[in-house]
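One structure is given here, and the rest of the page talks about it.
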Amino acid sequence: MQTALVTGASSGIGRATSLELGRRGYHVIAAGRSPRRIGRVVAAIIDGGGSAEPSIFDLGSLVSTAETAGILAGSGRDLDVLVNNAGVGGARGVTEDGFEIHFGVNHLGHFLLTSQLAGSLRTGSRVVTVSSEMHHRVDGIDFDSLRAPGRSFFGLREYAVSKLANILFTRELARRRPDLACNAVHPGLANTRIIPAYLRPFLALRSLSAEEAANTVIWCATRGEAAADSGRYYIRREAHEPSPAARDDGLARELWHRSESWCEATTGIGN
């Protein structure tokens, strides 16, 4: 039985992805912060005849993420699919480690999780990271601004920076691990918890259901093709060119090195 880990599995796209992977015969490690809500997803998968287990940790805490990743890696199990889905949107503030909250959760937590699980990702394993077309709203990363709360209206710029980081991370991971199949995905505008409550009524008619938004995520996670398209960015099951900033391999390398340094400084664990 193949194993898939999905972050943010308690609701929205993560929940829809977890349930579908369970239906397709994967053993699902449903990851999230809430034992109660993650427990419901695990129970739903098992009740449907599938196999699942919970993994409770906070991507906004690098120590929590490192501890959980260490336990998973230490189990000796192979990981066939990793879906980096969890995220925050429209928030203000910093993580417990002092990083702007969108960057800290949406990128840095997933960077550390993926890095610590590197030994569990075998040849042919798939890493799918949920990004967004919002990444087009920024043309780079101001690294000096990432250790303070965001200042933009509704946090949209900070969210866009984190989604740009998701694509850059995917490109650099594909370069460093050519044995993996790594893709970033824009799932579409989904009516999920990541959209601030005050915006949902205005977007209701334009948004997708969580199941519809999960379609390309699941497709990228379960394709049987070789990893020739690793590093690509997908929308509606089709490869698209991301923004020029998202194709900047120098920026991708700088982001990787800085992320590596920040994670090591915070947790004491080298990647």
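Here, each number is a calculation from the coordinates, and none is a lab measurement. Quick caveat: nothing in here was measured; it's all calculated off a predicted structure. As a convention, Cβ positions derive from the backbone with ideal geometry for all residues, glycine included, and neighbour counts pool all protein chains shown.
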Förster-model FRET efficiency, 22 Å R0, Asp229 and Asp78, C-beta, rounded to 0.05: 0.50
Radius of gyration, Dmax [segment 3-267; alpha carbons; angstrom]: 16.8, 49
Derived scalar couplings ³J(HN,Hα) [segment 230-241; Karplus, 6.51 cos²θ - 1.76 cosθ + 1.60; whole Hz; x for Gly, Pro]: 4, x, 7, 10, 10, 9, 6, 6, 10, 6, 10, 7
Residue-span extension gain [Val63 to Ala44] - 0.36 nm each, minus C-alpha spacing: 3.9 nm
Ascending count of other beta-carbon atoms within 10 Å, so fewest first, for Glu241, Glu158: Glu241, Glu158
Long-range amide H partners of Gly124 with built H, under 5 Å: Leu180, Ala181
Ser34 versus Glu53: modelled label distance in nm, points set 7 Å from Cα along the beta carbon direction: 2.4 nm
Per-residue Cβ neighbour rank within 10 angstrom, fewest leading, Met1, Met134: Met1, Met134
Cβ-defined net charge surrounding Gly60, 12 Å radius [Lys, Arg +1; Asp, Glu -1]: -3
Under 5 Å, built H, 5+ apart or other chain: amide partners of Ala86: Thr7, Gly8
Two-site label geometry, Arg147 and Arg176: point separation in nm, points 7 Å out along Cα→Cβ: 2.1 nm
Karplus (6.51, -1.76, 1.60) ³J(HN,Hα), θ = phi - 60°, over segment 119-133, in Hz, Gly and Pro reported as x: x, 8, 7, 8, 4, x, 5, 10, 10, 10, 10, 7, 10, 6, 5
For segment 255-266, Karplus couplings with θ = phi - 60° (6.51, -1.76, 1.60), whole Hz, Gly/Pro x: 4, 4, 5, 5, 4, 4, 5, 5, 5, 5, 5, 7
